[in-house]
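Below are the structure tokens for one structure; questions will follow.
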Amino acid sequence: MSKFNTYFLMKPTDVIEYVKEKLDLFEPEADLDCKEIGDGNLNYVFRVWDKNTNQSVIVKQAGETARISDDFKLSTDRNKIESDVLQLEGKLAPGLVPVVYKYDEIMNCSAMEDLSDHVIMRQALIEHKKFPLFADHVTTFMVNTLLLTTDVVLEHKEKKALVKNYINPDLCEITEDLVYTEPFNDYKGRNDVFPPNLEWVRRELYEDQELRLEVAKLKFEFMTNAQALLHGDLHTGSIFIKPDSTKVIDPEFAFYGPIGYDVGNVIANLIFAWVNADATINDVAEREDYTVWLEKTIVDIVNMFNEKFLKAWEENVSEVLAKEEGFDKWYLGTVLRDTAAVTGLELSRRIVGLAHVKDITSISDKNARLRAERICLTAAKDYIKKRESFKTGEDFLATLREAVNRFPR
Ligand code: SR1
Ligand code: MG
């Protein structure tokens, strides 16, 4: 009887046995090695490779709690959502996600293409690497996976079946708490604020009643606007990249929500890369060169998203009322509004909440980190409060620039 007939959390030696027994990828006599390489907040990620041929595979397994904290009890079938979504995204945006080989509903694990020739984008940005094709790739990914899963494109019953299939209550609860609620009031006492910024955060976030009201409105829009099948956690740690290839991974937070949630996550995480570069590159010309590339990438993403969205709309929309003149631009306007709001929410929660980003925590100089955090939070408040006014990439950049100018070096 197979030891994999009952769920348990695997160790690398178990994963080698698992791969030999369950996958048809390696020769029976293959000499395999395995290492746990996960650095995310939730799951265990194993790389298995043949020591002689270097052929390899990734096995990702869900535990019963999140890696980051036992506070989060999570259904282990979240990997099912992830592997289903990756397969759907692979059809909608070919070449932009890894290939899934298998999902195992007993062991709650999936086997997929090893992308070890790519690097995690967050780390690459911290090392000040440039990826000139990223804006093009990520906007194709977002327009194809988002617009094409809405009910302006899909037959309405088909869309509703997808909404039902991707109900994801445990992971949505994490987002509702960590992104929408806790950063603005710390009601669970789980926030983790850089101590020198504590007073500033209390005054600028927790005591800003106007901000809290706007965030309350946004939380209920996030929970009720089943607009498109989101990735749900589209930050630079969910992207594997190399100069000529971008692969979006980890869609375990996927569910039907507002399109701007994904787009805003991408923009906010590029802003984290921007403040990191601004704080850590000492050479003025080098700093200018890299931050200008990031600025151009932010501007290009919003503008390319707008262009591709309207083109894909024209080519794919099936709903009769969505063809009314002007409806496309109105709809895109609501997406940009939500994008701005989520840019602000993600900027806030990664600085004051439980789950940080290395772009900020790796800034070793205390004053430089303080300044980087305040730039992000100041811009965040404008992205949230003035969200109706963001239409172009230049609008998004102007808000970052204004925040930077308020905190001279
Ligand atoms: C408890 S999980 C914390 C964060 O990690 C994931 O990547 C999501 O961003 C989540 O909010
Ligand atoms: Mg993840």
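Checking residue 110 against (1) of a type outside the set (Asp, Glu); (2) surrounded by fewer than 20 Cβ atoms within 10 Å (Cβ to Cβ); (3) touching a helix residue (DSSP H, G or I) at 6+ places or on another chain (Cβ under 9 Å); (4) within 20 Å of residue 249 (Cα to Cα), only one condition comes out false. Which one?
Just one mismatch for residue 110, condition (2).
In addition: Just checking, does the range 115-123 include any residue being open to solvent by less than 10 Å² (accessible area, probe 1.4 Å), at pLDDT below 95 and over 24 Å from residue 260 (Cα atoms)?
No, every residue in the range 115-123 fails to be open to solvent by less than 10 Å² (accessible area, probe 1.4 Å), at pLDDT below 95 and over 24 Å from residue 260 (Cα atoms).
Now for a separate question. Please go through the range 164-192 and give me each residue that is more than 12 Å from ligand 1 (Cβ to nearest atom), of a type in the set (A, V, I, L, M, F, W, C) and in a helix (DSSP H, G or I), ordered by number.
Answer for the range 164-192, where residues must be more than 12 Å from ligand 1 (Cβ to nearest atom), of a type in the set (A, V, I, L, M, F, W, C) and in a helix (DSSP H, G or I): just 184.
Quick one: count up the residues across the range 1-19 that are exposed (fewer than 15 other Cβ atoms within 10 Å of the Cβ) and either in contact with a Pro (Cβ under 8 Å, 6 or more places away or on another chain) or of a type in the set (Phe, Trp, Tyr) (or both).
Here the count works out to 1.
Here is a further query. Scan the range 132-144 for residues that are in a helix (DSSP H, G or I), more than 22 Å from residue 357 (Cβ to Cβ) and not polar (S, T, N, Q) and jot them down.
136, 143
For residues in the range 41-56 being open to solvent by 40 Å² or more (accessible area, probe 1.4 Å) and within 16 Å of ligand 2 (Cβ to nearest atom), which is nearest to residue 170 (Cα to Cα)?
Filtering the range 41-56 for residues that are open to solvent by 40 Å² or more (accessible area, probe 1.4 Å) and within 16 Å of ligand 2 (Cβ to nearest atom), the one nearest to residue 170 (Cα to Cα) comes out as 41.
Right, here's the next one. Hey, does the range 259-272 have a residue that's in contact (Cβ under 8 Å) with a residue 60 or more places away in the chain, assigned by TED's automatic domain parsing to the domain that holds residue 189 and open to solvent by 10 Å² or more (accessible area, probe 1.4 Å)?
Checked the range 259-272: no residue is in contact (Cβ under 8 Å) with a residue 60 or more places away in the chain, assigned by TED's automatic domain parsing to the domain that holds residue 189 and open to solvent by 10 Å² or more (accessible area, probe 1.4 Å).
Okay, next question. Are any residues in the range 37-64 within 21 Å of residue 77 (Cβ to Cβ) and of a type outside the set (A, V, I, L, M, F, W, C), and if so, which ones?
38, 40, 41, 43, 44, 60, 61, 63, 64
The values are calculated or read from the model by the stated rules, or taken from the named source; none is laboratory data. Since we're looking at a predicted model, the values are computed, not measured. Positions of Cβ are generated from backbone atoms using ideal geometry, with glycine treated the same way; all protein chains shown enter the neighbour counts. All accessible areas refer to the heavy atoms of the entire protein, side chains included, with ligands and DNA or RNA removed. Shrake-Rupley method; radii C 1.70, N 1.55, O 1.52, S 1.80 Å.
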